[in-house]
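The values are calculated or read from the model by the stated rules, or taken from the named source; none is laboratory data. Note that the coordinates shown come from a computational prediction; the quantities given were computed from them, not determined experimentally. Note: ideal-geometry Cβ built from the backbone for every residue, glycine included; neighbour counts use all protein chains shown. Quick note on the areas: whole protein, heavy atoms, side chains included, nothing else; ligands and nucleic acids left out. Shrake-Rupley method; radii C 1.70, N 1.55, O 1.52, S 1.80 Å.
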Amino acid sequence: MSSCKVCLFVCLTAVLGAAQANPPATSNEKRPTANMGFSADMLDKSVDPCTDFYAYACSKWKAQNPIPSDRPSWGRFNELQERGEYIMRDILQKYTNDDAKRSAVEQKIGDYYESCMDEGAIEKLATKPLASEMDRIAALKSKQELAPELIQLHRQGTDVLFSFASTQDFGDATQVIAEADQGGMGMPDRDYYLKDDPKSVELRKQYVAHVQKMFELLGDAPEKAAAEAKSVLTIETALAKGALDRVSRRDPHKVYHKMSGKELAALSPDFGWDKYLAGIGAPSVANLNVTEPDFFKNLNTVIDATPMDDWKTYLRWHLVHANAPMLPAAFVNENFNFFSKALQGTKELAPRWKRCVRATNGDLGEALGQKYVEETFGPEGKQRTLTMVNTLEKSLTQDIQDLPWMGADTKKQALVKLQAITNRIGYPNKWRDYSTLKIVRGDAMGNSQRSNVFEFQRQLNKIGKPVDKNDWPYPPATVNASYNSTLNNITFPAGILQPPFYDNKADDAMNFGGIGAVIGHELTHGFDDEGRKFDPQGNLRDWWTEQDGKEFEKRAACVADQYSGFTAVDDLKVNGKLTLGENVADNGGMRIAYMALMSLLAGKEPAPVDGLTAKQRFFLGWANVWCENRSDPFSRMLVQVDPHSPGKWRVNGTVSNMPEFREAYHCKADAPMVNQNACRVW
Ligand SMILES: [Zn+2]
């Protein structure tokens with residue numbers, strides 16, 4: 001798992017590398033049913049909703065839905081993901097035969113999936129598909145040759161030393177520029193290398209053992225492999241020391257340093273930046289964003305201090321690590337043992353078909369997505385969602401106009417920004433053209449690497465061109481949603497526009513608490529602690545009066561303090577600063593969804609359903625989408641890397657700030673779900 005790139009878009013839920021491992025055996029298949037909507041039977045009547053609303057709404061679901069052995073967690077999101085994986089498999093299986101009648105898209109997705117599934121061929125090839133790259137690494141003679149080798153590895157999707165891509169210029173969002181960012185660490189965050197608590201120390205030991213085993217699988221003797229693994233940890237720890245922490249990376253000013261190629265080269269003069277920039281495949285790079293200059297300064301020290309043989313070891317490790325999913329089972333299983341089992345608490349590898357569905361969707365998401373959309377999402381789905389988005393936008397407009405703490409000038413600017421938000425619903429207007437990407441039957445590794453090269457080049461090709469607003473950040477089958485600060489738009493893929501988020505059969509109250517609040521959440525991101533720093537055109541520009549900026553910070557600090565008091569797992573508290581943007585978005589999203597529902601109902605209280613009023617059902621619609629079970633190791637990992645709070649606090653934290661909740665459930669003033677010091681930003 002590579003370290004996270006600067007997150008230009010904020011999502012509804014964590015985006016993590018799919019567990020890369022897969023098991024050969026299929027357990028008893030339990031195909032999720034199409035109906036995953038809300039049922040009042042799932043309420044735990046033994047719990048007072050005013051004491052623990054999450055337990056009231058979710059404890060029965062949690063008891064009845066243990067974590068499947070091939071996952072680190074299980075929640076309503078995952079049910080929907082799993083259902084999507086079955087749908088995608090059905091689609092893919094239609095195109096696996098080598099049939100001349102297949103369209104170009106059908107050939108690509110069918111042959112990619114078929115090759116991935118062909119474990120016999122993969123076993124037979126063993127590590128041969130990596131041989132030529134391994135030879136290149138072995139032949140490296142001096143540190144001057146690192147740059148050309150990095151070009152090769154970066155283009156194939158191997159994360160070594162740092163990452164290189166394109167990005168919208170924070171200073172001028174109409175422009176796309178190159179970007180160099182921190183990277184090159186095998187574990188998910190720099191803190192895994194730097195923290196000294198017993199759990200972190202133990203994980204590092206397991207990591208080193210894992211790296212050693214991977215070298216042994218490549219044929220190295222155990223003693224040599226052990227020494228190599230230590231070298232890898234030494235290098236990655238040195239990189240981690242120069243890396244910026246996750247909370248700081250949420251501040252766009254801290255990750256925006258535009259400079260020339262020469263200035264970058266001056267930060268790490270012993271890395272051959274001239275060669276790298278000339279050969280990486282980008283148009284001539286006049287200016288680029290160097291997210292963290294200190295990381296690149298430190299990089300120079302690391303390059304100097306590390307013997308050439310250790311660099312070769314490090315590159316070999318990352319090459320085998322990045323390609324493990326398409327190598328024989330021994331590699332896949334060992335990869336699983338650390339990255340899924342030790343790190344996330346997953347008990348067994350997902351069946352191969354799931355891993356191959358995920359890989360196909362990851363590499364050919366807009367090819368497979370065309371078929372997925374045909375089957376699951378029609379034009380009417382798009383229309384329904386757009387109508388809801390418009391309704392929510394009206395509520396946010398009203399909310400901003402009524403805000404007591406914001407002055408008229410800032411309000412005016414905020415409304416201009418809100419008006420400028422554009423919506424992308426369901427799937428892209430124009431599908432990505434994969435015609436230059438060659439998918440070869442029987443070449444699983446080659447397909448994966450060529451897909452990486454294709455995507456890498458596609459990103460670099462954007463440099464110096466006008467921003468393509470139609471370019472989607474993830475495939476339409478994704479169960480997620482996002483807001484992008486530099487594009488000032490929201491994206492709702494077809495994958496999420498289904499129960500339990502949106503249910504045709506449910507009443508408005510449930511749907512406004514579900515997808516309505518999710519839409520509100522994404523809109524609010526434009527005005528959270530990070531989003532508010534960008535203007536309607538997506539430029540990093542302060543449009544707030546000083547006074548209003550202070551008022552915002554005061555209210556945001558209330559939210560940060562509140563969530564920092566919540567326990568995530570065992571002794572670990574939620575990081576209120578890391579999760580601030582998401583918590584502000586949850587609270588704001590729920591508020592405007594509630595306003596939208598009230599304006600739709602226009603004072604007419606519908607008859608209760610299952611004994612629950614519309615207002616009560618609205619809050620249940622929200623709780624319903626966050627029911628989840630997580631393994632303890634996975635919870636510990638998410639506390640460090642995930643900007644979202646755990647489901648329990650996304651629900652209880654939000655409702656406890658809303659007097660409307662207290663009213664709906666007739667809670668006493670001192671009930672636990674009534675925050676005495678209620679926080680409210682939007
Ligand atoms: Zn979000």
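Brief remarks follow.
- Highest average packing first - 313-320, 255-262, 76-83, Cβ atoms within 10 Å: 313-320, 76-83, 255-262
- Only Lys, Arg (+1) and Asp, Glu (-1) charged, at Cβ; segment 213-362 dipole about Cα centre in debye: 740 debye
- Cβ-Cβ distance of Lys465 and Lys258, R₀ of 22 Å, FRET efficiency by 1/(1 + (r/R0)^6): the value works out to about 0.80.
- Per-residue [θ]222 nm for the chain (sum of -39500 (n - 2.57) over DSSP H runs n ≥ 4, rounded to 500): -15500 deg cm²/dmol
- Highest mean first, the peptides 63-72, 263-272 sorted by other C-beta atoms within 10 Å per residue fall in the order 263-272, 63-72.
- Only lysines eight or more places from Lys30 in sequence, or on another chain, were considered; those with a Cα closer than 25 Å are Lys60, Lys62, Lys94, Lys341, Lys347, Lys354, Lys371, Lys505.
- Surface composition of the chain: carbon and sulfur atoms hold 51% of the protein heavy-atom accessible area at a 1.4 Å probe.
- Length-normalised contact order for segment 22-152 - Cα pairs under 8 Å, 6+ apart - percent: 13 percent
- Taking amide hydrogens as placed 1.01 Å from N in the peptide plane, the amide H of Lys258 sits under 5 Å from those of Val290, each at least 5 positions away in sequence or on another chain.
- Highest-first arrangement of 663-672, 274-283, 343-352, 295-304, where packing means the average Cβ count within 10 Å: 343-352, 295-304, 274-283, 663-672
- Percentage relative contact order, the chain, counting C-alpha pairs under 8 Å, at least six apart: 23 percent
- Antiparallel content of DSSP bridges confined to the chain, in %, to 5: 75 percent
- Rounded to whole Hz, the Karplus (6.51, -1.76, 1.60) HN-Hα couplings of segment 307-322, x for glycine and proline: x, 4, 4, 5, 4, 4, 4, 4, 5, 4, 4, 5, 5, 6, 5, 5
- Helix axis angle, 76-93 relative to the chain longest principal axis, alpha carbon, degrees: 50 degrees
- Angle in degrees between helix 408-420 and the longest Cα principal axis of the chain, rounded to the nearest 10: 60 degrees
- Degrees between helix 128-138 axis and first principal axis of the chain (Cα, 0 to 90, nearest 10): 70 degrees
- Prolate/oblate/rounded label for segment 289-331 (Cα gyration tensor, a/c 1.5): oblate
- Accessible area in the full protein assembly, largest first, 1.4 Å probe, for Leu218, Leu288: Leu218, Leu288
- Between the beta carbons of Ser435 and Ser46, assuming R0 = 51 Å, the FRET efficiency works out to 0.30 to the nearest 0.05.
- Candidate aspartates and glutamates for bridging to Lys394, where Cα separation is under 19 Å - those fewer than 8 sequence places away on the same chain excluded: Asp402, Asp508, Glu522, Asp528, Asp586
- Normalising the average separation of contacting C-alpha pairs (under 8 angstrom, six or more residues apart) by the number of residues puts the relative contact order of segment 558-663 at 38 percent.
- Accessible surface, per residue, of the chain when the full set of protein chains is kept, probe 1.4 Å, Å²: 39 Å²
- Lysine pairs within segment 99-252, Cα separation less than 22 Å, 8 or more sequence positions apart or different chains: 20
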